[in-house]
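What follows is calculated from the coordinates using simple rules that are stated; it is not laboratory data. It should be emphasised that the depicted structure is a prediction, and the values quoted were computed from it without experimental measurement. Cβ placement follows ideal geometry from the backbone for every residue including glycine, while neighbour counts extend to all protein chains displayed.
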């Protein structure tokens, strides 16, 4: 019988079960007050510096959450936005947030209003600065490009889901003379942010960002749990490598055939053209 | 539309016709409104429970649909019932997807109010560039109205006039969609061709080993992918050890080994990140601006 | 009029397309009023199109018609649920929108188990590569593991990258990631250039033949110079003015 | 020296004008020469299409539009040529209105072109409906459609773009479910691959051929390695290599013109990078730090 089916199999229960266990375990232990360590993320330490620069120049900033909707990526972006707006509120620097998703727009408005209120300056909140432009990729990009130039943006933050428009924004931000910080889980766009922005947060660091900025125990715990989960994946891979390599050198090693067959059944085989 | 087998609605008819339909729709609307009023009346300390519960059940559906065994397991009593339940969850999936899509589509006007507010203020106050905002309104409503009219025949005007109106609307829609929408989109997209040139030129300076490495790889791949690359190292033999130094072979090796490994490393990290975030949202453990709000 | 429009809307669309193309391309020189105008048209036309297409593709065929002509009266509940989003605008009852958000977030979150399984289990499996075969294959496999493990170690956050073993691995990981990003950049240049090729194809294969065809009529020679004159005059003032502002 | 230093700050408008020229010249000349190199994944695509059983269909999923026509259209046309030559039937479906229209036009164009050749050789001519079908634009939940068409093809697809029921078309009459689908080709400029992998091709072991824009190709290698993808055409270069395989090597096509335009553009960019670095190195030696504006 084929191991790969439409639905869960024993390997799913074990591996995904362990992932869930590690993450929940670390979250709960962090919530109970265990101290957890997170390494420095250079791209994130620079956020405050970038806010400071806009203040010095007396010009507004743009925080663009990309094409994110109300999903995992979009909500992470909102956490980072909240942090930046709170810093900006301290210095009375304007933050313009152009959005490409109507639902996320309503969330952003709430989050921004809250951020200003938390910092004790609710009067600084300008509803028009949280702008819904359109939900079409390039129409949105053309609108943001317009804002970058017309508002003479000093600092631009790009945190969220991005596609081809990433480079259009980053190049125009560069032309407009803005300091730019970017972070996206959309792998394909990272090289362009790396090329055109001053600081770029790579891949997974995006998810670490909100934990790093807020120091919230739940998020820190989750991050540690994620590290354990990655170790699990590395471990699985290493056991597998050992198995298949041994099988290539010494095919009659006891028990080896069973292990390799197990891995094959659940992880690898039954694909047309797989090696 | 076979929704019934999976939704026990024995008390009420699935579909009604004629005058009764209006009655039913009206009744259901009233029931829905009553439900909303009831929600409004929920005291603040129970609100969190409602939100947490709804989120949990939303996630539970898709989790169980995947995780429950869809075939009875031998020697385990009750597994046949579980499998039957799991299969009914799977069958309901297209219906759930339809409902989710329709409900989500009602958000279409959500952001539009904000857009209208900004641009109508610009037009009213005649701020600089107000005519642009006017152009925004004109094009917005033009394509919307023309689009709707071209699909729905206006029979009251008489057949001739209605046909003429429809023909005009179809033509106008063609101009707006083929002429404006598509070309604006493609042109905006193609700006990247220019920006990538200036970005590469400016960014790829050997400031650091990192930048050098990125630049070197990009350069090799750029040459190796196009016919010129093959032509540049044509003088190398096409078989044997030296063949592996041919640009197209280096390119392919870079793409399939180091690049593949790097991509996979990033993807593994992101996948675990997504699992963790999904768990936190599902179980309402998430913290952060949006989730910490008082309800 | 009706017939003329029906016969010529294709040509008008091509002309509009060429106009939009040049209008947007002016941003390559600098931000200017032409661009602003086309930017607003873009947002407007796409906003209207978005509403129309949602109506045409989803609300009409999947909601209104089943409800009214097939008599599936309970679809009206979808509108009730959809209206919950709009409670966002109410100060007092904003939390009701959170209920429907919660439902959607729950849906998205619950799918992760399947997505992880179908997406990444085969990836884990195919990462189990034997060190066997030819020397070149063994070398490639070794490179694969070095890059994979080093790059993954860069994404460990919960311990300080201070221990020399970790520090060097993570630093090497970042380097290897740069190889990946360089490869992506190189591959992407090609794709991005093709986008402009697409535009050139439009101008060369669609617009220029259109211009040629219309150049047969005498009206063209009356209208065209006038248009060119007007556009270039506006262009002159637009760019001159913005230059002054910047200096 | 000053001249060399100035090389690191060439005005971007000059760069833009030059790139426009560099790209348009080969497009106007239209060289016919195709590259001799064929990447293994292109070869694998070819073999996968060759291996499709005679009574199975190939499903072409079109999710590109006007924006990436220059990349995705040549890929699709080359594949169509191959399938016409093999007498493999195929069905085109589209996720976008524009893509639906464009892919139908291209299909008709390839059919007419192949028929010209066939009538010269006295072979039976190709017909829409008999040799291929186009089911038009599909809207709705992608995952539901993708998993649904594996279970019940006819119920999900219903009719072709002209409104003819699929049960009345020779090409699609006998297609019931995933067992009758020999391969899926994802021609795309957006990320739909995940849906095919999660809901149809991986669970049902159907070969999936990926035809993305060049931008998306680098991230596809892990999936090629794991066998979840059975082949890939990388942007327009993939298309031009495929054309070499299907006997178009000496014909001046859009793809061959594009491939030379791309060659020119790549060399131009590499030249720019070299010049920029030359300026940068000279400036660094002489202590002029006017380049680079990195923070921190």
Provide the FRET efficiency to the nearest 0.05 for the residue C:57-residue B:95 pair, computing r from the beta carbons and using R0 = 22 Å. 0.75
Calculated FRET efficiency for the pair residue D:152/residue A:248, C-beta based, R₀ 45 Å, to 0.05: 0.55
Count the DSSP beta bridges whose two residues both fall in the protein assembly as shown, then state the antiparallel fraction as a percent rounded to the nearest 5. 0
Taking a ≥ b ≥ c as the square roots of the eigenvalues of the Cα gyration tensor, with a/c under 1.5 meaning rounded and otherwise prolate when a/b exceeds b/c and oblate if not, the stretch C:83-128 is prolate
Between the helical axis of B:44-67 and the dominant principal axis of chain B, each derived from Cα atoms, what acute angle in degrees is found, rounded to the nearest 10? 60
Give the distance, in whole Å, between the Cα centre of the stretch A:69-107 and the Cα centre of the stretch C:1-69. 29
Helix A:165-175 vs. chain A, principal-axis angle (Cα, 0 to 90°, nearest 10): 40
When chain D is treated as a Gaussian network with springs between alpha carbons less than 10 Å apart, the largest mean-square fluctuation among D:143, D:63, D:259 is found at D:143
Chain C, relative contact order [Cα under 8 Å, separation at least 6], %: 15
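Do you know the relative contact order of chain D, to the nearest whole percent, from alpha carbon pairs under 8 angstrom that are 6+ apart?
31
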Residue-averaged beta-carbon neighbours from other chains (10 angstrom radius) around D:13-24: 4
GNM on chain B, C-alpha springs below 10 Å: top fluctuator among B:124, B:19, B:93? B:19
Could you put D:274, B:42, A:144 in order, starting from the residue whose Cβ has the fewest other Cβ atoms within 10 Å? D:274, B:42, A:144
Centroid-to-centroid separation of the stretch C:111-133 and the stretch C:166-209 [C-alpha atoms, Å]: 27
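Shielding by partners for D:144-153, please: the mean number of other protein chain Cβ atoms within 10 Å of each residue's Cβ.
2
Ranked highest first by average number of other Cβ atoms within 10 Å, how do D:217-224, B:76-83 line up?
Going by the mean number of other Cβ atoms within 10 Å, highest first, we get D:217-224, B:76-83.
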Residue A:113 versus residue D:109, label points 7 Å from Cα toward the beta carbon: distance in nm? 5.2
Along the Cα→Cβ direction, 7 angstrom out, place labels at residue D:130 and residue A:215. What is the inter-label distance in nm? 7.7
Rounded, prolate or oblate: which fits the stretch C:6-66, taking a ≥ b ≥ c as square roots of the Cα gyration tensor eigenvalues, rounded meaning a/c under 1.5, else prolate when a/b beats b/c? oblate
How far is it, in nm, from the label point at residue B:127 to the one at residue B:34 when both lie 7 Å from their Cα along the line to the Cβ? 4.7
For every helix of n ≥ 4 consecutive DSSP H residues, a contribution of -39,500 (n - 2.57) applies; sum these over the protein assembly as shown, divide by its total residues, and give [θ] at 222 nm rounded to the nearest 500 deg cm²/dmol. -20500 deg cm²/dmol
What angle do you read, to the nearest 10 degrees and between 0 and 90, between the alpha-carbon axis of helix D:40-50 and the longest principal axis of chain D? 10
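With an 8 Å Cα cut-off and a minimum separation of 6 or more residues, compute the relative contact order for chain B in percent.
Values: 129 pairs, mean separation 40.2, N = 295.
It comes to 14 percent, rounded to a whole number.
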Residues of the stretch D:168-189 with the amide nitrogen closer than 20 Å to a label point 7 Å from the Cα of residue D:55, along Cα-to-Cβ, please. D:168-184
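Could you order peptides B:217-226, A:48-57 by the average number of other Cβ atoms within 10 Å of their residues, highest first?
B:217-226, A:48-57
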Row for the stretch C:159-226, column shape: gyration tensor on C-alpha, a ≥ b ≥ c, rounded if a/c < 1.5 i.e. under 1.5, prolate if a/b over b/c, else oblate; value prolate
With springs only between Cα atoms under 10 Å, which of A:66, A:173, A:225 fluctuates most in a Gaussian network model of chain A? A:225
Averaged over A:123-129, number of beta-carbon atoms from partner chains that fall within 10 Å: 1
Of B:176, D:125, how do they rank once you tally other Cβ atoms within 10 Å and put the fewest first? D:125, B:176
